[in-house]
Amino acid sequence: MSLTHLPEPWRPNAVYKVGDRVTLRDERAIFVLRCEKAGKGGLRPPRLPVAMSTMTGLAETLLETTIVKAWDVECEWWLERVVRRAYAPRK
């Protein structure tokens, strides 16, 4: 996976297999999640901890030291990578 070919965005009610990768996006970053427990996704995307979504400027440091787990209806996701958007304001 390279920065030019990110995985598809997360889709509601899709069935995910172990190892599937999806992206969640906000105004500051793109989060790449990897499925660790297969199942059907829910109507809402997995929620990342608030600290992770607000501290994307420190993404590389956090990813080296922290494993972030997010849950969907039946799926379990691990945060694999955070890609900071180039046009996002730095804090």
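The values are calculated or read from the model by the stated rules, or taken from the named source; none is laboratory data. What you see is a predicted model; the values in this text were computed from it and never measured. As a convention, Cβ positions derive from the backbone with ideal geometry for all residues, glycine included, and neighbour counts pool all protein chains shown.
Pick from segment 1-31 the residues that are β-branched (Val, Ile, Thr) and at pLDDT 90 or above: which of them is surrounded by the most Cβ atoms within 10 Å (Cβ to Cβ)?
Residues of segment 1-31 β-branched (Val, Ile, Thr): 4, 15, 18, 22-23, 30.
Checking which are at pLDDT 90 or above leaves us with 15, 18, 22-23.
On the way: Val15: 12, Val18: 12, Val22: 24, Thr23: 16.
Per the stated criteria, the residue is Val22.
I'm trying to understand the selection: among the residues of segment 28-46, which are in a loop (DSSP other than H, G, I, E, B) and under 9 Å from the mean Cα position of the chain (by Cα)?
First, the residues of segment 28-46 that are in a loop (DSSP other than H, G, I, E, B): 28, 38, 41-46.
Correct list: Pro46 only.
Which of the residues spanning segment 4-27 are part of a strand (DSSP E or B) and among the aliphatic types (A, V, I, L, M)?
We begin by selecting, within segment 4-27, every residue part of a strand (DSSP E or B); these are 9, 15-16, 21-25.
Of everything in segment 4-27, those that are part of a strand (DSSP E or B) and among the aliphatic types (A, V, I, L, M) turn out to be Val15, Val22, Leu24.
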